[in-house]
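Novice: Submitted below is the structure of interest, expressed as structure tokens.
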Amino acid sequence: MTTATTAGRLPVDLRDPALLLAALPYLIGFRPARSVVLLGHRAPEGDRAGLILRAGIPRREDRARQAQALAPLLAAGCHTGVTVAIVGGRRRSGSPPPHAGLVKHLAKALGEYGLPILHAMWTTGITTNAQWACYEEDELCGGRLPDPRATVVAAAATERGQVVFDSRAEMAALLDPRCPETIARRADLLARLPEPGGFDAASEIRAAFDRLRRGEGPPSDEEAVLLANALTIPEIRDECLGMAVPPESSAAREAERLWLTLVRELPAPERAQPAALLGYTAYLRGDGTFAGMALENALEADPGHVLADLLLRVLSRGMPPEQLLGLAEHADPGGTAGFGLITPDAEPSQAG
């Protein structure tokens, strides 16, 4: 499984190998284990991180195939070169770091697209004092990792409220259904209902946010069905898309919580709508890993979902989140005003 993300607004230093290795959990959202991580250097200067790809370490016979699959993804973006980080394995005394053959295959595959490997490094794991080394024959390039929690990237991520998971599986579990029996019951209800109509969709969305703020827990069957129907209305979907801006605002955070709740509470294909909204909102705040998971969830529920497919393609090309702001601004210039919501960020206007 390949995970794609971008560094977003995190202050990544591509020049310090030890600090870069220690920052990996904050860049991809979870602590990588037995992984190969490719960090693209964004053009034109090459001093900023672009697309970040993580994949499992392949078997020896699959190295060339994996390298050939990863290289085009980096080439599709505007990168000047790539840093490779290998996590996992033990180094024998007097020998180069493990998985050197994989690095050679990556260098060949990336070279076919004119992308040089600017630095290749290895570590046993992303933990304090873990051994690390470079694949270049340089005795000074290696040592012990600092505490990952003490890096500048960690401090910035903590300030933003970002959570780092111990594994990819732990992060993915956030999208699992809360209760499979409930999902099955709602699928039956939605299948037996006539075409949606005769209800105030905006009021249903507004009521859902009110319940979220009061901490009332999951929606009832009736509430879930009404919300699923509300999200089928194009104007409502557009206004929901607009709630992702400004990124990381209280309104955007609340919207993300509601979309996540609905992903866990709705059956397929209805859950594709909140999953796509969740993916877009997470993408804008710089969490490409979770955004990708949400968008894959949307396409699993509805393989023909246009927005989810588009966003996943954009993510795989390493487009910076800020370049997608226009999608929300165009979809709903008024933002949350369409639902009559007063967000915690809003300040009451005063007569002049």
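The values are calculated or read from the model by the stated rules, or taken from the named source; none is laboratory data. Quick caveat, the model's predicted, so the values are computed rather than measured. Ideal geometry is used to build each Cβ from the backbone, glycine not excepted, and the neighbour counts take in all protein chains shown.
Novice: Output the residues belonging to segment 90-114 that are more than 15 Å from residue 134 (Cβ to Cβ) and either surrounded by fewer than 17 Cβ atoms within 10 Å (Cβ to Cβ) or at pLDDT below 95 (or both).
Specialist: 90, 92, 93, 94, 101, 108, 111, 112, 113, 114
Novice: Let me ask another. If I go through segment 138-184 residue by residue, how many of them are in contact (Cβ under 8 Å) with a residue 12 or more places away in the chain, closer than 21 Å to residue 259 by Cβ and either touching a Cys at 6+ places or on another chain (Cβ under 6 Å) or assigned to a helix (DSSP H, G or I) (or both)?
Specialist: Residues in segment 138-184 being in contact (Cβ under 8 Å) with a residue 12 or more places away in the chain, closer than 21 Å to residue 259 by Cβ and either touching a Cys at 6+ places or on another chain (Cβ under 6 Å) or assigned to a helix (DSSP H, G or I) (or both): 8 in total.
Novice: For segment 20-54, name all the residues that are over 19 Å from residue 164 (Cβ atoms) and within 17 Å of the chain's Cα centre (by Cα).
Specialist: Hits for segment 20-54 are 38, 40, 50, 51.
Novice: Spot the failing condition for residue 317; the list is (1) modelled with pLDDT of 90 or more; (2) out of contact with any helix residue (DSSP H, G or I) (no Cβ under 7 Å at 6 or more places or on another chain); (3) not small (Gly, Ala, Ser), and only one is missed.
Specialist: All conditions pass for residue 317, except number (1).
Residue-by-condition table, conditions (1) β-branched (Val, Ile, Thr); (2) outside the structural domain of residue 146 (by TED's automatic domain parsing); (3) touching a helix residue (DSSP H, G or I) at 6+ places or on another chain (Cβ under 9 Å):
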{"residue": "50", "(1), (2), (3)": "no, no, yes"}
{"residue": "69", "(1), (2), (3)": "no, no, yes"}
{"residue": "83", "(1), (2), (3)": "yes, no, yes"}
{"residue": "87", "(1), (2), (3)": "yes, no, yes"}
{"residue": "90", "(1), (2), (3)": "no, no, no"}
{"residue": "93", "(1), (2), (3)": "no, no, no"}
{"residue": "109", "(1), (2), (3)": "no, no, yes"}
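Novice: With the requirement that a residue be at pLDDT below 95 and surrounded by 17 or more Cβ atoms within 10 Å (Cβ to Cβ), what does segment 67-81 give you?
Specialist: Correct list: 70, 71, 73, 74, 75, 77, 79, 80, 81.
Novice: Moving to a separate point now. Keeping to segment 221-234, report how many residues are in contact (Cβ under 8 Å) with a residue 24 or more places away in the chain and either surrounded by 19 or more Cβ atoms within 10 Å (Cβ to Cβ) or in a helix (DSSP H, G or I) (or both).
Specialist: Number of matching residues: 9.
Novice: Follow-up question, since we're still on this one. Could you please find all residues in segment 128-147 being modelled with pLDDT of 90 or more and of a type outside the set (S, T, N, Q)?
Specialist: Pass one, segment 128-147, residues modelled with pLDDT of 90 or more: 128-135, 143-147.
Those that are modelled with pLDDT of 90 or more and of a type outside the set (S, T, N, Q): 130, 132, 133, 134, 135, 143, 144, 145, 146, 147.
Novice: Kindly evaluate residue 214 against the criterion of being farther than 15 Å from residue 259 by Cα, of a type outside the set (Gly, Ala, Ser), surrounded by fewer than 16 Cβ atoms within 10 Å (Cβ to Cβ) and at pLDDT 95 or above.
Specialist: Details: farther than 15 Å from residue 259 by Cα: yes; of a type outside the set (Gly, Ala, Ser): yes; surrounded by fewer than 16 Cβ atoms within 10 Å (Cβ to Cβ): yes; at pLDDT 95 or above: no.
No.
Novice: For segment 207-220, what are the residues that are touching a residue at least 24 places away in the same chain (Cβ under 8 Å) and assigned to a loop (DSSP other than H, G, I, E, B)? Break it down into steps so the answer makes sense when it comes.
Specialist: Of segment 207-220, the ones touching a residue at least 24 places away in the same chain (Cβ under 8 Å) are 208-209, 212-213, 218-219.
The answer is 218, 219.
Novice: Taking strands (runs of 3 or more DSSP E) that fall entirely within segment 1-120, which contain at least 2 residues that are touching a Phe, Trp or Tyr at 6+ places or on another chain (Cβ under 9 Å) and farther than 20 Å from residue 283 by Cβ? I'd like the intermediate steps shown before the answer.
Specialist: On the way: elements: 3-6, 35-42, 48-56, 79-87.
Passing ranges, in order: 79-87.
Novice: Which residues, taken from segment 133-164, are within 22 Å of residue 89 (Cβ to Cβ) and within 21 Å of the chain's Cα centre (by Cα)?
Specialist: Answer for segment 133-164, where residues must be within 22 Å of residue 89 (Cβ to Cβ) and within 21 Å of the chain's Cα centre (by Cα): just 148.
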